[in-house]
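Reviewing the structure listed below.
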Amino acid sequence: MARYLSMKFATADGATFGISIPYAKSVLTESEVRTAATAMIAASPWVTAPTELRSASLRETTVTDLVEG
């Protein structure tokens, strides 16, 4: 099972910016997510910089490999 932390941010121009981070811990607190989001906003490694966290969710998916290579 794959686990992702999905985060959506607002940008200065009113757009929405999303990121999905693999290998998330199975249990995350709101405080941990907000701390990570604050660090990402401060680092701003993207062309369109996020300005605030709008939402975050922990997503789990089941992957079935059909062809391995």
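The values are calculated or read from the model by the stated rules, or taken from the named source; none is laboratory data. In this text the structure is predicted, and so the values were computed from the model without any measurement. Cβ atoms come from the backbone with ideal geometry, glycine included; neighbour counts cover every protein chain shown. Side chains are part of the model used for accessible areas, which takes the heavy atoms of the whole protein and leaves out ligands, DNA and RNA. Shrake-Rupley method; radii C 1.70, N 1.55, O 1.52, S 1.80 Å.
Values for this structure:
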| read-out | value |
| --- | --- |
| Residue in region 16-27 that is in contact with a helix residue (DSSP H, G or I) (Cβ under 9 Å, 6 or more places away or on another chain) and either open to solvent by 70 Å² or more (accessible area, probe 1.4 Å) or assigned to a helix (DSSP H, G or I) (or both) present | yes |
| In region 39-69, the residues that are hydroxyl-bearing (S, T, Y), without any contact (Cβ under 8 Å) to a residue 40 or more places away in the chain and more than 19 Å from Y4 (Cβ to Cβ) | S44, T48 |
